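All remarks here apply to the structure that follows.
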Amino acid sequence: MREKIPAVVEHRQAFRLLGAEIRFIRKYADGTWVLLLNTGEALAGRFGLTRDVMVMYSPTHELQPAILGSAKKRRDELPRTFSCEDHFILVASSDPHAAAKLHAWAQSEPTLGIHLPHRSTPDAIARTLIAEMQRKLASRNLYDETLPVTGADFFGRRTELTNLQEELRQGKVCGVFGLRKTGKTSLVKELGQRFVSGNDKRIFVLRDLESLPQQSGRLRVELVQELRQGLLEGFRAKQVRRGDLNDLGLEASVGDLKRALAISLNDCQKRGIQVVLALDEIESLVGDAETLRHDARPEVPEALGALRSLVQEHSNFNVVISGITSAIIHRGQLFGVENPLFNWARSYYLEPLSRIEVDGLTTDVGRRMGVQWSSDALDTMYEICLGDVFLHRTLAATVVDTLSQDTFPMLVSSDNVEAVKKRWRRGVAERLAQMFGSFERHYPTEASLLRLAAAGDASLESLEAEYPIEMGRLIDLALVAEAPAGDLSFGSLCQVLHQARVL
Ligand SMILES: Nc1ncnc2c1ncn2[C@@H]1O[C@H](COP(=O)(O)OP(=O)(O)OP(=O)(O)O)[C@@H](O)[C@H]1O
Ligand SMILES: [Mg+2]
């Protein structure tokens with residue numbers, strides 16, 4: 001490598017000055033070199049690193065954004081005994097504009113690239129690198145994340161993951177339900193990654209049903225094609241027999257899909273391959289309470305029936321469903337016919353994170369940006385958000401936005417949290433109203449019970465006596481909290497909704 005990339009000599013000395021060691025080198029056909037850096041205690045402590053850091057050497061004189069795009073693939077290709085941080089990489093390049101380019105790409109590319117300078121003394125390289133890491137890692141607000149999270153970005157939910165994995169193993173269909181932004185997609189994605197990790201005889205197919213059309217008629221065609229497409233991709237990767245599935249045209253019925261899928265699943269069974277199909281945003285299939293009452297969607301129970309019998313006939317096939325509404329499992333009837341999943345699938349409702357889990361999220365994410373929370377600050381965070389992941393992340397993001405970046409690490413006190421509380425509540429009020437709106441469309445009776453209680457027109461206890469099923473669902477969704485002695489109170493989200501005058 002020294003011959004091709006002479007700069008590595010100074011880099012290695014600079015890394016040594018920082019207490020870091022190169023411990024893996026690989027060259028790719030396109031001329032890129034990848035190193036892994038064991039960062040040593042000092043750097044790890046300073047920047048909250050728990051794994052190695054990837055360094056990429058670009059062979060071209062004109063650095064392209066593709067180098068950042070390829071980071072994930074390079075990470076996935078590492079030998080199993082190595083793992084590295086996935087929120088940034090170091091990039092070395094002879095392009096004189098490398099630093100400016102990496103800076104410009106920080107917003108658009110999935111991985112942050114931090115420039116590793118060269119043509120300088122090891123001492124100067126070490127100093128510039130530390131300054132650059134401090135500036136770049138602290139300038140991103142990592143709490144402000146709206147996409148589903150997995151891997152090192154996924155916190156808590158250990159019990160749910162263990163239980164779901166066990167259910168999958170036993171061949172039971174499960175549902176994961178929760179309000180908007182409670183982490184349903186993240187949980188299902190993480191479940192999928194763990195399910196396939198280290199086992200090449202497993203296929204996990206996750207499909208988001210959000211884009212399905214709402215009018216019946218189109219729904220059957222699109223649903224069949226959506227499932228066909230997702231499963232084909234999963235089967236292709238493992239060279240499973242899929243000719244019949246491939247040939248399904250636009251006119252294919254649910255029955256045709258079932259027959260074609262059975263052929264592929266039989267092939268999987270013979271080869272010992274397990275298949276899990278996860279359907280996210282399931283409300284797109286069943287609609288809201290109004291749709292359920294008035295619309296005709298015969299293809300929905302038909303498709304669920306087909307999935308149910310495929311699961312029953314193939315011990316290597318299972319289905320996971322996720323979304324806001326558990327109607328797909330708890331209603332005895334769907335669109336005028338018997339619901340095939342009624343009382344058959346197991347429902348999980350996403351609860352708030354525990355104190356330990358949410359503290360882990362707050363402190364770990366903070367450490368990656370050089371932010372340190374005092375224990376009082378964590379207490380205040382928990383008093384306000386009570387483990388609701390959306391509330392915690394948005395409040396933490398607001399706090400971090402107000403910190404001065406001059407000190408490192410940046411320290412957060414309870415006062416910092418209190419100071420932004422009102423501003424944060426105003427900032428999220430609109431999104432909270434939307435969250436409650438979507439809940440209300442799916443659970444109108446439950447929502448009106450909350451409104452009655454919030455207005456002081458009835459106590460939660462008296463409502464529980466009159467509407468036990470609906471109150472049970474409010475407790476499942478953590479909108480109402482039940483103390484061990486049986487006392488009922490508003491859950492964290494409800495309290496914030498109430499304070500923000502949404503409820
Ligand atoms: N286990 C977790 N650890 C850390 N952050 C999480 C976790 N679960 C959810 N989040 C945070 O919440 C956000 C929303 O998560 P996710 O998209 O999984 O929720 P959802 O319930 O599927 O939302 P939607 O209702 O929009 O589909 C994520 O962007 C992430 O910031
Ligand atoms: Mg989702």
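Ranking of His118, His442 by neighbouring Cβ atoms within 10 Å, starting from the fewest: His118, His442.
The charge dipole of the stretch 158-349, taken about its Cα centre with unit charges on the Cβ of Lys, Arg, Asp and Glu (plus for the first two, minus for the last two), comes to roughly 700 debye. Any chance you could tell me what percent of the C-alpha pair distances in the stretch 14-75 go past 18 Å? Here the long-distance tail beyond 18 Å is 41 percent of all Cα pairs in the stretch 14-75.
Relative to the current alpha-carbon distance between Asp30 and Ser108, full extension at 0.36 nm per residue lengthens the span by 25.7 nm. Mind checking the log10 I(q)/I(0) for the stretch 355-499 at q = 0.18 Å⁻¹? Debye, one equal scatterer per Cα, no solvent, two decimals. One equal scatterer on each Cα of the stretch 355-499 leads to -1.02.
Take every Cα pair under 8 Å whose residues are at least 6 apart in sequence, average their separation, divide by the length of the chain, and the relative contact order is 13 percent. Dividing the summed -39500 (n - 2.57) terms of all DSSP H runs of n ≥ 4 by the residue count of the chain sets its mean residue ellipticity at 222 nm at -15000 deg cm²/dmol.
Straight-line reach from Lys184: taking Cα to Cα under 30 Å and skipping same-chain neighbours fewer than 8 places apart, the lysines in range are Lys72, Lys73, Lys172, Lys201, Lys238, Lys258, Lys421, Lys422. Please label the shape of the chain as rounded, prolate or oblate, based on the square roots a ≥ b ≥ c of the eigenvalues of the alpha-carbon gyration tensor (a/c under 1.5 means rounded; beyond that, a/b larger than b/c means prolate, else oblate). The shape class here is oblate.
Of the residues Tyr28, Tyr382, the one with the fewest other Cβ atoms within 10 Å heads the list, and the complete ranking is Tyr28, Tyr382.
Annotation note: GluC sites (Glu not before Pro) in the stretch 286-390 located in DSSP loop regions with a Cβ neighbour count of at most 12 within 10 Å are absent. Only the Cβ atoms of Lys and Arg (+1) and of Asp and Glu (-1) were treated as charged; on that basis the dipole of the stretch 355-499 about its Cα centre amounts to roughly 680 debye. A straight chain from Arg426 to Glu290 at 0.36 nm per residue would run longer than the Cα-Cα distance by 45.9 nm.
With θ taken as phi - 60° and the Karplus curve 6.51 cos²θ - 1.76 cosθ + 1.60 applied, the whole-hertz 3J(HN,Hα) list for the stretch 371-385 is 10, 10, 9, 6, 5, 5, 5, 5, 4, 5, 4, 5, 4, 7, 9 Hz, x standing for glycine and proline. Suppose the Debye formula is applied to equal point scatterers at every Cα of the stretch 10-130; what is log10 I(q)/I(0) at q = 0.19, 0.20 Å⁻¹? Debye output, listed in q order: -1.08, -1.21.
Between the stretch 401-444 and the stretch 90-127, the C-alpha centres lie 33 angstrom from each other. Amide H contacts of Phe317 (H built 1.01 Å from N, in plane; Pro and chain starts excluded): Val275 sit under 5 Å, all sequence-distant by 5 or more or on other chains.
What share of all Cα pairs of the stretch 401-466, in percent, falls into each consecutive 5 Å distance bin? The percentages, shortest bin first, are 3, 13, 15, 13, 13, 12, 10, 9, 6, 5, 1, 0.
Remark: the stretch 95-146 projects, on average over all directions, an area of 4.0 nm² (convex hull of Cα atoms).
The HN-Hα couplings worked out from phi for the stretch 357-368 by the Karplus form 6.51 cos²θ - 1.76 cosθ + 1.60 (θ = phi - 60°) are 5, 6, 5, x, 4, 4, 6, 5, 5, x, 4, 5 Hz, whole numbers, x standing for Gly and Pro. Enumerate the aspartates and glutamates that Lys101 could reach by cross-link, defined here as Cα to Cα under 15 Å, with residues fewer than 8 away along the same chain left out. By straight Cα distance, Lys101 reaches Glu62, Glu109, Glu132. Calculated on C-alpha atoms, the gyration radius of the stretch 158-349 divided by its Kirkwood radius gives an Rg/Rh of 0.94.
Computed from phi, the 3J(HN,Hα) profile of the stretch 126-142 under the Karplus parametrisation 6.51, -1.76, 1.60 (θ = phi - 60°) reads 4, 5, 5, 5, 4, 4, 5, 5, 4, 5, 6, 6, 7, 7, 9, 9, 6 Hz, with x in place of Gly and Pro. Based on the Cβ-Cβ distance from Asp415 to Ser83, what FRET efficiency comes out when R0 is 30 Å, to the nearest 0.05? After rounding to 0.05, the efficiency reads 0.20. In plain terms, the residue of Thr362, Thr121 with the fewest other Cβ atoms within 10 Å comes first and the most crowded comes last, giving Thr121, Thr362.
Restricting the stretch 237-284 to GluC sites (Glu not before Pro) that sit in a DSSP loop and have at most 15 other Cβ atoms within 10 Å of their own Cβ leaves Glu251.
Every number here is computed from the coordinates shown, using simple stated rules; none is lab data. As the structure is a prediction and not an experimental result, all values here were calculated from the model. Glycine also receives a Cβ, built like all others from the backbone with ideal geometry; neighbour counts cover every protein chain displayed.
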